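The values are calculated or read from the model by the stated rules, or taken from the named source; none is laboratory data. What you see is a predicted model, and the numbers here were worked out from it, not measured in a lab. Note: ideal-geometry Cβ built from the backbone for every residue, glycine included; neighbour counts use all protein chains shown. Heavy atoms of the whole protein, side chains included, go into the accessibility calculation; ligands, DNA and RNA do not. Shrake-Rupley method; radii C 1.70, N 1.55, O 1.52, S 1.80 Å.
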Amino acid sequence: MSVVQQVLAPLFQPGSPYCLPSHPCFPPPSAFAALNSSLTGRLIVPEPTACVAGEGAPSLCEDAEWRVQQPGAVQFINFETGWQSDNTTVPVDEDHSRHRLPSYVVQATHVDDVQRAVAFAAAHRLRLRIKNTGHDYLGRSSAHGSFTLWTTGLNSTAFHPAFVPEGAPTGYDDGEPALVVGSGVRVKQLYEAADQAGVIVPGGVSASVGAAGGFVLGGGHGPLAPLLGLAADHVLEFTVVTSNATIVKASPFSNPSLFKALRGGGPAFGVVTEVALRAHTPPKGFVGIFGTFKIKYGVEKSVADEAWKGLIQEWVALQPKVSDAGPFAGYTYVRRPLAVPFAYVLPSDDLDLAKSTFQSFITHADNDPSVELNISFAEEKTWHAMWAGQFEAALFDLDEVGINLLLGGRLVPEDVVRHNTTDLADFLSQSKTPAIVHLVAGGAVKNDPYYPSSVNPRWRTALLHIDLPVSWPRDSPPASIHAMESYLTQHTLALGKIASAGGIPEGAYSSEANYHEKEWQGTWYGEENYQSLLEAKREWDPQGVFSGRKVVGSEFVGH
Ligand SMILES: Cc1cc2nc3c(=O)[nH]c(=O)nc-3n(C[C@H](O)[C@H](O)[C@H](O)COP(=O)(O)OP(=O)(O)OC[C@H]3O[C@@H](n4cnc5c(N)ncnc54)[C@H](O)[C@@H]3O)c2cc1C
């Protein structure tokens, strides 16, 4: 613990356990009945989904949107059940099933509902969780016995051609275009609303991920990030329900410490109900580059291994060239022996530039008889047409849900990709498990944001964000899950060693990171940001009304 952390620690209320259904302090049924009437019947006692109860895996269980709509579900089943090698206190029922289920879920459709829920949770010291879509890779939108606020119903969208943030001084300027969205709005709705307004805003790839909840609070990368920057850097104003259940606006001019903390500091400071995102004039067109590559079946092993190594080396070397050529973004699902899918976008109508940029890779593949490459180029006039038409579908394989899953990951600096290309390529080509390589940094992500931000500074120097997912079958014995988790941690640290070879400290994207990360404060938020995040936590939520595993201040207020 650093000196500042030691000084701040006593200023938090001691980390006291939350009141769970089995504790005497848990409110009586009459208190919940009164809350339910004030919510006009939108207090739900959730059931485990049939998927968790082991009654087969109907296709719905693997449907992200269906999981968003189930009050007791999140996207990954390990965060619904707990898992035996995890040391959380998830009880085992008489029928040996484990449910990491909320005790109650408040279905919020209006900011008043959020205020009632926060006031109730704070008064009764409940384990408050916020589920928007349940995509959290650290399971923070769910917890055993939690009192969960479900925010998908806060889904308004409105375009403002001249938005002025709260508190802006007179004569600040005439405002700027912004899309104001409820925190329950998902990526699909965000892109639709932006398209209707004739603008572009930063969002993610997957339709069902929230665009203005955990995504924006953690940073928010996406296919337009190299052109526009990260989503968190685009927020002009948050509307927030704070730990004392009041509604505040947080902007550069009103409650600036909260504004700064929410821009990348994660989900620890309040419930965001609305976000105003700076909007931009779109380019004239978009070029998509889609395809797969693989080593052909039947090639002799030593030849195939060399070909695979050379292919990945060439692909890694391509990334800085692509980034230099324009604000391309791209995603590659490196895995073997299956075909490796990739999808890139150039936000421009310059088809020739896209083709010439990928030519060196095409030539490499053409010259190696062991390699099979399929590549196509597509043009669209609008981002919505590109995303909805091809981009999302091309990456569908990356988005498997309804399974057990943990991730590791590191941000890889541009210098390392350029100068330690072989080390990085060897890591990827030798990986026993898949790696998802995101070219979502560089370009505008590098720029210092116009207003103060808590985005991990490692994003400013990164070119790639690499995720390392691991998954296991439902009936895996605890020992094999444990072995998988140890492997994940070692594998993540090995990538971190390569990523920090140029002297830039290791960093990871907190929203897509390892549940077991040890030095999470510095790695996910940046040492230089973490102290000011703790100070904001103490200012806005010293009693830990908002908490969760490894969120800012959880080391003091518990979770
Ligand atoms: C399939 C998939 C695809 C993804 N793609 C991308 C991507 O393209 N780019 C990217 O940057 N990330 C991506 N992510 C990661 C994603 O950004 C995070 O999982 C993010 O936290 C999801 O936010 P959510 O609100 O949708 O989900 P939730 O799991 O509901 O919430 C995530 C966290 O934010 C908190 N939270 C949610 N809403 C609020 C609110 N209104 N106020 C305060 N706290 C809140 C929750 O309590 C939880 O801790 C992806 C994840 C998955 C599973």
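Provide the per residue accessible area, probe 1.4 Å, for the chain, rounded to a whole number of square angstrom.
In whole numbers, the chain has 38 Å² accessible per residue.
Given T49, A64, V235, which one lies farthest toward the positive end of the charge dipole of the chain, if we put +1 on the Cβ of every Lys and Arg and -1 on the Cβ of every Asp and Glu?
T49
Express in Å², to the nearest 10, the accessible area of S59 obtained by rolling a 1.4 Å probe over the protein heavy atoms while all chains stay in place.
My reading of the accessible area for S59 is about 100 Å².
Quick one: order D174, D366 from most to least accessible surface, probe 1.4 Å.
Reading off the accessible areas and sorting them downward yields D174, D366.
Given +1 on the Cβ of Lys and Arg, -1 on the Cβ of Asp and Glu, and no further charges, what dipole in debye does the range 157-278 carry about its Cα centre, rounded to the nearest 20?
Here the size comes out at about 360 debye.
In whole Hz, with x marking every Gly and Pro, tabulate ³J(HN,Hα) for the range 179-188 from phi via Karplus 6.51 cos²θ - 1.76 cosθ + 1.60, θ = phi - 60°.
Once θ is set to phi - 60°, the couplings for the range 179-188 become 9, 9, 10, x, 6, x, 5, 9, 3, 4 Hz.
Once you charge only the Cβ atoms, +1 for Lys and Arg and -1 for Asp and Glu, what is the size of the charge dipole of the chain about its Cα centre, to the nearest 20 debye?
Dipole size: approximately 940 debye.
Test of the criteria: in the range 452-550, which trypsin sites (Lys or Arg not before Pro) are in a DSSP loop and have at most 15 other Cβ atoms within 10 angstrom of their Cβ?
Within the range 452-550, the qualifying trypsin sites (Lys or Arg not before Pro) (loop, at most 15 other Cβ atoms within 10 Å) are R474, K518, R549.
Treat every Asp and Glu Cβ in the range 407-459 as -1 and every Lys and Arg Cβ as +1, leave all other atoms uncharged, and give the resulting dipole magnitude about the Cα centre to the nearest 20 debye.
In total the dipole reaches around 140 debye.
I'd like the carbon and sulfur percentage of the solvent accessible area for the chain, probe radius 1.4 Å, heavy atoms only, ligands and nucleic acids excluded.
53 percent
Tell me the Kirkwood radius of the range 349-392: reciprocal of the mean inverse pair distance over distinct alpha-carbon atoms, in Å.
12.2 Å
List, largest first, the extents of the alpha carbons of the range 286-523 along their principal axes, each in whole Å.
That works out to 55, 50, 36 Å along the principal axes.
Rg and Dmax of the range 157-278, using alpha carbons, in Å: what are they?
13.4, 40
Need the list of lysines near K294 for cross-linking: C-alpha distance under 23 angstrom, and skip anything on the same chain fewer than eight residues off.
Reachable lysines: K309, K321, K355, K432.
So what is the orientation-averaged projected area of the range 223-331, using the convex hull of its C-alpha atoms, in nm²?
11.0 nm²
For the range 288-389, run through the GluC sites (Glu not before Pro) and keep only the ones in DSSP coil with at most 16 other Cβ atoms within 10 Å of their Cβ.
Passing sites in the range 288-389 are E300.
For the chain, with equal point scatterers placed on the C-alpha atoms only and solvent neglected, what are the log10 I(q)/I(0) values from the Debye formula at q = 0.11, 0.12 1/Å, to two decimals?
-1.00, -1.19
Does the range 432-557 come out rounded, prolate or oblate, given a ≥ b ≥ c as the square roots of the eigenvalues of its C-alpha gyration tensor, rounded meaning a/c under 1.5 and, failing that, prolate meaning a/b above b/c? Let's see the in-between values first.
On the way: a/c = 2.26, a/b = 1.22, b/c = 1.85.
It comes out oblate by the Cα gyration axes.
Across the Cα atoms of the range 310-400, what radius of gyration and what greatest pairwise Cα-Cα distance (Dmax) are found, in Å?
Rg and Dmax of the range 310-400, Cα atoms, are 13.4, 38 Å.
Could you give the distance between the Cα centres of the range 296-369 and the range 199-253, to the whole Å?
32 Å
Residue by residue through the range 463-469, what is 3J(HN,Hα) from phi via Karplus (6.51 cos²θ - 1.76 cosθ + 1.60, θ = phi - 60°)? Round to whole Hz and write x for glycine and proline.
10, 10, 10, 10, 9, 10, x
With everything on Cα atoms, drop me the angle between helix 421-430 and the longest principal axis of the chain, reported from 0 to 90° to the nearest 10.
Helix 421-430 sits at roughly 70 degrees to that axis.
Using only the alpha-carbon atoms, how far is helix 478-499 inclined from the longest principal axis of the chain? Give it as 0 to 90 degrees, nearest 10.
Here the helix axis deviates by roughly 60 degrees.
Across the range 103-184, what fraction of all alpha-carbon pairs, as a whole percent, falls in each successive 5 Å bin from zero upward?
Percent of Cα pairs in each bin: 3, 13, 18, 16, 14, 12, 10, 8, 4, 1, 0.
Would you please give the residues with an amide H less than 5 Å from that of F163, counting only those at least 5 places away or on a separate chain, with H modeled from the backbone geometry?
Long-range HN contacts for F163: E176, A178.
In degrees between 0 and 90, to the nearest 10, how far off the longest principal axis of the chain does helix 301-325 point, with axes built from Cα atoms?
It is inclined by approximately 70 degrees.
Considering the dipole of the chain built from charges on the beta carbon (Lys and Arg +1, Asp and Glu -1) around the Cα centre, which of L217, Y333, H364 is farthest to its positive end?
Ranked along the dipole, the leading option is L217.
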